[in-house]
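All remarks here apply to the structure that follows.
The values are calculated or read from the model by the stated rules, or taken from the named source; none is laboratory data. Being a predicted model, the structure only gives us computed values, none of them experimental. Note that each Cβ is placed from the backbone with ideal geometry, even for glycine, and that neighbours are counted across all protein chains shown. These accessible areas exclude ligands, DNA and RNA; they are computed on the full protein's heavy atoms, side chains included. Shrake-Rupley method; radii C 1.70, N 1.55, O 1.52, S 1.80 Å.
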Amino acid sequence: MTIQSQGRYYLDMARQVSKESNCIRRQVGAVIVRGTDVVAKAANGTPAGVKPCSEGGCLRCQSGAVSGQEYEACLCTHAEQKAIALAAKKGISTDEAVIYCTLRPCLTCAMICLESGIRHITYADDIIFSQDVEDAYRQLIAETGLVITRQGTSNVQPL
């Protein structure tokens, strides 16, 4: 399998996983791969033990908040965060792994990926961040060597 087809394969898997999301605003999936082994996969949504977003569990999603605002009230966990936490819960290292995401990770998720040993992020759909966030993203990449690759032909979406 070529690197290109491998990327498509794992992004297709992330798309399937995203269908498990209970978030009513946006469904996102993430798959963590070490070598050729899938070590964790997850969709965004409310944490374990919290009523699903689709059933009113997340007050932000229920409120009709404008996209990109009022995240301090959001109870939904990002797919990347859930996948990394699941690997940790199972005692599986994510060091030197690649994460495949249906959506470009937010800056916080990119930093969490780095802290967990993930050095390569491949994503399908792009997202527009503020210029400050884009500048911080560029700094993070320049100083850490984080590799972020977009694969696919999806549309750019505002956050």
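The conditions are (1) closer than 21 Å to Asn22 by Cβ; (2) β-branched (Val, Ile, Thr); (3) in contact with a Cys (Cβ under 7 Å, 6 or more places away or on another chain), and Thr77 fails exactly one of them. Which is it?
Here Thr77 meets the rest and fails (3).
If we scan the stretch 142-155, do we find a residue that is assigned to a strand (DSSP E or B) and basic (Lys, Arg)?
yes
Being of a type outside the set (Phe, Trp, Tyr) and within 17 Å of the chain's Cα centre (by Cα) narrows it down to one of Ala65, Ala83, Ala73, so name that one.
Values: Ala65 fails: within 17 Å of the chain's Cα centre (by Cα); Ala73 fails: within 17 Å of the chain's Cα centre (by Cα).
After applying the criteria, what remains is Ala83.
Give the residues of the stretch 36-51 that are open to solvent by less than 40 Å² (accessible area, probe 1.4 Å) and in a loop (DSSP other than H, G, I, E, B), sorted by residue number. Step through it out loud before you land on a result.
Restricting attention to the stretch 36-51, the residues satisfying the condition of being open to solvent by less than 40 Å² (accessible area, probe 1.4 Å) are 39-40, 42-46.
Of everything in the stretch 36-51, those that are open to solvent by less than 40 Å² (accessible area, probe 1.4 Å) and in a loop (DSSP other than H, G, I, E, B) turn out to be Asn44, Thr46.
Can you name the residue in the stretch 84-110 that is of a type in the set (Gly, Ala, Ser) and part of a loop (DSSP other than H, G, I, E, B) and, of all such residues, is nearest to Gln151 (Cα to Cα)? Talk me through it step by step, then tell me what you get.
Looking only at the stretch 84-110, we keep the residues that are of a type in the set (Gly, Ala, Ser), and these are 85, 87-88, 91, 93, 97, 110.
Narrowing the set further to residues that are part of a loop (DSSP other than H, G, I, E, B) leaves 91, 93, 97.
On the way: Gly91: 30, Ser93: 25, Ala97: 17 Å.
Among those residues, the one meeting the criterion is Ala97.
Give me the residue from the stretch 52-83 that is assigned to a helix (DSSP H, G or I), modelled with pLDDT of 80 or more and open to solvent by 30 Å² or more (accessible area, probe 1.4 Å) and, out of that set, nearest to Ile121 (Cα to Cα).
Among those residues, the one meeting the criterion is Gln81.
Could you say whether any residue in the stretch 22-35 is buried (at least 23 other Cβ atoms within 10 Å of the Cβ), within 13 Å of the chain's Cα centre (by Cα), without any contact (Cβ under 8 Å) to a residue 60 or more places away in the chain and in a loop (DSSP other than H, G, I, E, B)?
no
Of all residues in the stretch 109-129, count the ones that are out of contact with any strand residue (DSSP E or B) (no Cβ under 7 Å at 6 or more places or on another chain), modelled with pLDDT of 95 or more and open to solvent by 10 Å² or more (accessible area, probe 1.4 Å).
First, the residues of the stretch 109-129 that are out of contact with any strand residue (DSSP E or B) (no Cβ under 7 Å at 6 or more places or on another chain): 109, 111-112, 114-117, 129.
Checking the rest, the ones that are also modelled with pLDDT of 95 or more come to 109, 111-112, 114-117.
Narrowing the set further to residues that are open to solvent by 10 Å² or more (accessible area, probe 1.4 Å) leaves 111-112, 114-116.
Final tally of qualifying residues: 5.
Could you give every pair whose Cβ atoms fall below 6 Å, whose first residue belongs to the stretch 115-143 and is under 22 Å from Glu96 (Cβ atoms) and in contact (Cβ under 8 Å) with a residue 12 or more places away in the chain, and whose second residue is of a type in the set (Lys, Arg) and open to solvent by less than 70 Å² (accessible area, probe 1.4 Å), counting only separations of at least 6 or pairs across chains?
These pairs meet every condition: Tyr123/Arg104.
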